[in-house]
Amino acid sequence: MSIFIPDSETKLYGLLGKTLSHSISPSLHNNGFRDLGLNAVYLMLETKEKNLEEYIDSLKMIGFSGWNVTIPYKESIIPYLNGFSSLARASGAVNTVLNRRGRLTGYNTDVIGFQRQLEESGINVKDKRAVVIGAGGAARAVIAALIQLSLADITIINRTVENAEELAKLFREENSEQNFDFCSLEEQEYAEVLKAADLVVDTTPVGMYSNNIKNKVVINPEYLHEDQLVIDLVYNPLKTEILKEAEKRGAQIGNGLPTLIYQAEASFKLWTKEMPPKKKWYQIAEEAVEIIEQKELEAEEE
Ligand code: NAP
């Protein structure tokens, strides 16, 4: 095996976010670069919200060729960019930046990732009803993908109902073919709409490793049933509590791993114009999740 020696020509990429300890993206991209013999590295780029503008200036100055964007910067990065892809514009969120000689263009490959995951599920979602739980960056990407796939009816359920309302209003203004509705996380408000949904997508971090939300379900799972596809965008753990509850009730389930792989693949292709080995990326991602799980268990025992 030949060793990788970075030099002054090494292209720099990374993941820009606030707290990145559990990200799998560096494992995927760095292995992709090595497999294809590319002179590039992918780093963790952690910064506080108050330093975001300065940090982006530094990335430009150092000459980063591009980066992914994660919680909580997918929307707040927008003022610092010079142009947008149509999907970034449609979703109002950016998860990938390409730096062309100091000019930053924002893309949203989460939209592509989620759309491909749904297409692969084998379910025809055209004219169906969806419930999206959450109203952050991931929800925007999911809704933009659902619009591309011509879903008829989309209801956004969110803890802060004003954020759901704002999102529903925004998408309603741009898309006349779909119905957009919203409600709070109060059970009496969402019970009927959840029962009537063909597709339920949880875009909140509830159920994810870290903090104290691991064993929680964001909605009362009583309303999930066998005629539904339930997707949780979280992938660590691979089967969150909401997916366990949905499976118990006979629903088809999916975790966030396919979306993660497909969005990473699309970002990789944007930056390098090359396709990474997707099959190997699944193996790497699953191994990385196992390592995260192990670390979490060890931390709990301490
Ligand atoms: P975000 O912009 O911070 O939005 C988070 C959303 O979840 C907000 O609507 C927030 O509600 C809600 N929320 C947060 N904590 C909650 C809680 N304890 N109870 C109820 N609702 C809660 O984050 P994001 O970028 O959308 O990402 C959300 C999740 O999706 C993360 O876990 C991320 O890892 C995952 N994700 C996965 C992929 C993938 O490729 N699989 C891609 C993107 C994101 P409020 O409005 O009330 O604050």
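With respect to the numbered conditions (1) modelled with pLDDT of 95 or more; (2) part of a helix (DSSP H, G or I), which one is the sole condition not fulfilled by residue 45?
Failing condition for residue 45: (2).
Taking region 245-265, which residues are in contact (Cβ under 8 Å) with a residue 40 or more places away in the chain, within 23 Å of residue 285 (Cα to Cα) and more than 16 Å from the ligand (Cβ to nearest atom)?
Of everything in region 245-265, just one residue is in contact (Cβ under 8 Å) with a residue 40 or more places away in the chain, within 23 Å of residue 285 (Cα to Cα) and more than 16 Å from the ligand (Cβ to nearest atom), namely 252.
Among (1) under 19 Å from the mean Cα position of the chain (by Cα); (2) among the aliphatic types (A, V, I, L, M); (3) open to solvent by less than 10 Å² (accessible area, probe 1.4 Å), which single condition is residue 112 missing?
Unmet for residue 112, out of (1) under 19 Å from the mean Cα position of the chain (by Cα); (2) among the aliphatic types (A, V, I, L, M); (3) open to solvent by less than 10 Å² (accessible area, probe 1.4 Å): (3).
Exactly one of these conditions fails for residue 29: (1) touching a residue at least 60 places away in the same chain (Cβ under 8 Å); (2) open to solvent by less than 60 Å² (accessible area, probe 1.4 Å); (3) not in a helix (DSSP H, G or I). Give me its number.
Checking residue 29 against (1) touching a residue at least 60 places away in the same chain (Cβ under 8 Å); (2) open to solvent by less than 60 Å² (accessible area, probe 1.4 Å); (3) not in a helix (DSSP H, G or I), the one that fails is (3).
Just a yes or no: is a residue in region 133-143 in the same structural domain as residue 221 (by TED's automatic domain parsing) and more than 17 Å from the chain's Cα centre (by Cα)?
No; the residues of region 133-143 include none that is in the same structural domain as residue 221 (by TED's automatic domain parsing) and more than 17 Å from the chain's Cα centre (by Cα).
Can you list the strands (runs of 3 or more DSSP E) lying wholly within region 77-163 that have 2 or more residues being within 14 Å of the ligand (Cβ to nearest atom) and under 26 Å from residue 235 (Cα atoms)?
The strands (runs of 3 or more DSSP E) meeting that bar are 129-133, 153-158.
Identify the single condition in (1) open to solvent by less than 40 Å² (accessible area, probe 1.4 Å); (2) touching a strand residue (DSSP E or B) at 6+ places or on another chain (Cβ under 8 Å); (3) within 17 Å of residue 120 (Cβ to Cβ) that residue 265 does not satisfy, given that it satisfies every other one.
With (1) open to solvent by less than 40 Å² (accessible area, probe 1.4 Å); (2) touching a strand residue (DSSP E or B) at 6+ places or on another chain (Cβ under 8 Å); (3) within 17 Å of residue 120 (Cβ to Cβ) applied to residue 265, the lone miss is (2).
Scan region 233-281 for residues that are outside any helix (DSSP H, G or I) and aromatic (Phe, Trp, Tyr) and report the count.
The qualifying residues number 1.
The values are calculated or read from the model by the stated rules, or taken from the named source; none is laboratory data. Since this is a predicted model, take the numbers as computed values, not measurements. Counting neighbours? That spans all protein chains shown, and the Cβs are built from the backbone with ideal geometry, glycine included. Note: areas computed on protein heavy atoms with side chains; ligands, DNA, RNA excluded. Shrake-Rupley method; radii C 1.70, N 1.55, O 1.52, S 1.80 Å.
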